[in-house]
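Read-outs: derived from the displayed coordinates by stated rules, not from any lab. Predicted model, so just to flag it, every value in this text is computed and none were measured. FYI the Cβ positions are ideal-geometry reconstructions off the backbone, even for glycines, and counts take in every protein chain you see.
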Amino acid sequence: MLKTEKKEFWFVVGSQSLYGEEALKEVEKHALDMTEQLNQSGKLAYPIHFKSLATSADEITKIMKEVNFHDKAAGIITWMHTFSPAKMWITGTKLLQKPLLHLATQYNQEVPWSTIDMDFMNLNQSAHGDREYGFINARLKKNNKTVVGYWKNDDTQKEINDWMNVAIGYDYSTQLKVARFGDNMRHVAVTEGDKVEAQIQFGWTVDYYGIGDLVAVMNEVTEEEINQTYQDYQNQYDFELGNNDPEYFEEHVKEQAKIEIGLRRFLENGGYTAFTTNFEDLHGMKQLPGLAVQRLNAEGYGFAGEGDWKTAALDRLMKVMANNIQTGFMEDYTYDLSTGKERIIGSHMLEVDPTLSASKPKVVVQPLGIGNKDDPARLVFNGAGGEGIVVSMLDLGTNYRLIVNAISAVEPENETPHLPVAKVIWEPKPNFKDGVKSWIESGGGHHTVLSLSLTVEQISDWAKMVDLETIVIQ
């Protein structure tokens, strides 16, 4: 499994010196207790570090400058414990280059009705402070996240954690490198895009390599390495020989092992965590990568076929946000237009991500019917069911656009014994007709990233962080 760096989030609490030293000590005590309990809750994937009680413009500006260049910090969570005059936040917030979450909460859950007095009221002014702070973020067009609710509640902590995972993706995005083996598929429009603009806006580095560069690395793979990987296949998957001679089957599966080892070595050497292939660019290869790609998908590598580097990068990014759980490259393939059960059947020639599998995959060797190469080995399985999203990115020439469709995936009801590829079936929301129509009219591509782990809100949060036009269909 590909690893991402462990990060933390800074917790900054807003107040002002007007309340006096004794009150501010109480505010800091509350903040420290919240930090400790949130970290001990087990609900947050990343730790919170209490950074400061901020009561002046100079202090806030210093914090924002520091967090920008602190590699371990992935973002800032602010809490307006009391009334923090928002002019103090202007300079620092303008300088902030990392994700910002405004936690609108209060230390005490309930009002002590029988004892409440002005001392309590003055010391518990989040409702007052939230409005002042919210205004300045809106005025600065900060695109920050706001989470509202009592900080001990499960739903509030889940919202914080969901945002943290998105912020980690944002942080990781500037390190994301895509290797393109071959160019985009000839004559296809939607997979094209401005790679310079993608690096400016999203931080992605996209590099081209001729297929011969990969083949050279593959040719250095030893028989011992191939045999060990083949043994791994036998231990993890069922083998379905079909009508193949056993020796023929083994030979073709081992060719995928060779591709897998070469691919992984090439990507590791270059620091790449996403890649593309193209069945029109296979010079020097015996098979189109299938099983090899799926194995790397399972480890967390982003991928897209036909040279679609935008989707490959998006795949890796969403895998980071989802901790590589039920998230992978997908393609709209065919419709089931049965009345009342209209659905989309998603698949690809070979490379359906096994993190989406509902059952133990099986290895098969079958003709591909495209690319004019030997029969490739691939993993075949049925996709899992559940609520999720499909996401597509397109370049309109003037700007990038993200399209997000909420879906309900369903496990297949029928066997497909003659279909030698994995498949995922889903119902687009709000319904098949309106969902598909909206997708097409918005320019949505046939390549997507499907996730049964991430939500519309999380992807929308990331899009806000990078100022990306987003169309949501739900």
Open item on the list: Let me check I've understood the local charge: for Arg180, count other residues with C-beta under 10 angstrom from its C-beta, Lys and Arg +1, Asp and Glu -1. What total comes out?
Closed with: -3
- [ ] Given the peptides 324-335, 264-275, 212-223, arrange them by the average over their residues of other C-beta atoms within 10 Å, most packed first.
- [x] 324-335, 264-275, 212-223
Task: Estimated FRET transfer efficiency when R0 is 35 angstrom, pair Val196-Asn161 (beta carbons, to 0.05) - done: 0.55
Open item on the list: At 222 nm, what value in deg cm²/dmol follows for the chain if DSSP H runs of at least 4 each add -39500 (n - 2.57) and the sum is divided by all its residues, to the nearest 500?
Closed with: -11500 deg cm²/dmol
Task: Between the stretch 187-251 and the stretch 68-99, the alpha-carbon center distance in angstrom - done: 43
Task: Reach of Lys286 by Cα under 20 Å, taken over lysines that are not fewer than 8 positions away in the same chain - done: Lys254, Lys258, Lys373
- [ ] Be a star and scan the stretch 1-21 for residues whose amide nitrogen sits under 17 Å from the point 7 Å along the Cα-to-Cβ vector of Ser41.
- [x] 8-13
TODO: Using per-residue counts of other Cβ atoms within 10 Å, averaged over each peptide, order 232-242, 71-81 from highest down.
DONE: 71-81, 232-242
Task: Label-point gap, in nm, between Trp113 and Ala127 - each point 7 angstrom along Cα→Cβ - done: 1.4
Open item on the list: Charges at C-beta only: +1 for Lys and Arg, -1 for Asp and Glu. How large is the resulting dipole of the chain about its Cα centre, in Debye rounded to 20?
Closed with: 1240
- [ ] Subtract the Cα-Cα distance of Asn153 and Asn372 from 0.36 nm times their separation in residues, and report this length gain in nm to one decimal.
- [x] 73.1 nm
- [ ] Go ahead and run the numbers for FRET between Tyr335 and Ala189, Cβ-Cβ distance against an R0 of 25 Å, rounding to 0.05.
- [x] 0.70
- [ ] Among the listed pairs Lys51/Lys152; Lys7/Lys158; Lys158/Lys341; Lys98/Lys437; Lys195/Lys360, give every one whose C-alpha distance is greater than 28 Å.
- [x] Lys158/Lys341; Lys98/Lys437; Lys195/Lys360
Open item on the list: Taking a ≥ b ≥ c as the square roots of the Cα gyration tensor eigenvalues, with a/c under 1.5 meaning rounded and otherwise prolate when a/b beats b/c, else oblate, which class fits the stretch 23-69?
Closed with: oblate
Open item on the list: For Lys3, give me every one of the aspartates and glutamates with a C-alpha distance below 15 angstrom, ignoring sequence neighbours fewer than eight places off in its own chain.
Closed with: Asp171, Glu268, Glu299
Open item on the list: If neighbour count is taken as other Cβ atoms inside 10 Å, put Glu351, Glu5, Glu255 in order from fewest to most.
Closed with: Glu5, Glu255, Glu351
Task: Cα-based reach from Lys141 at 17 Å (exclusive), listing aspartates and glutamates while leaving out same-chain residues under 8 positions away - done: Asp130, Glu132, Asp461, Asp467, Glu469
Open item on the list: Can you give me the distance in nm between label points at His49 and Asp207, each placed 7 Å from the Cα along the Cα-to-Cβ direction?
Closed with: 3.1
Task: Over the stretch 177-473, relative contact order from alpha-carbon pairs under 8 Å, at least 6 apart, % - done: 19
Open item on the list: I want to check the label-to-label distance for Asp33 and Phe120. Put each point 7 Å from Cα in the C-beta direction and report it in nm to one decimal.
Closed with: 1.4
- [ ] Express in nm, to one decimal, how much length is gained between Thr398 and Ser56 on full extension, taking 0.36 nm for each residue of separation and deducting their alpha carbon distance.
- [x] 119.0 nm
TODO: Would you mind ranking His252, His447 so that the residue whose beta carbon has the fewest other beta carbons within 10 Å leads the list?
DONE: His252, His447
- [ ] Quick one: order Tyr209, Tyr400 by neighbouring beta-carbon count within 10 Å, fewest to most.
- [x] Tyr209, Tyr400
TODO: With a 10 Å radius around each residue's Cβ, average the other Cβ atoms per peptide and rank 195-201, 279-285, highest first.
DONE: 279-285, 195-201
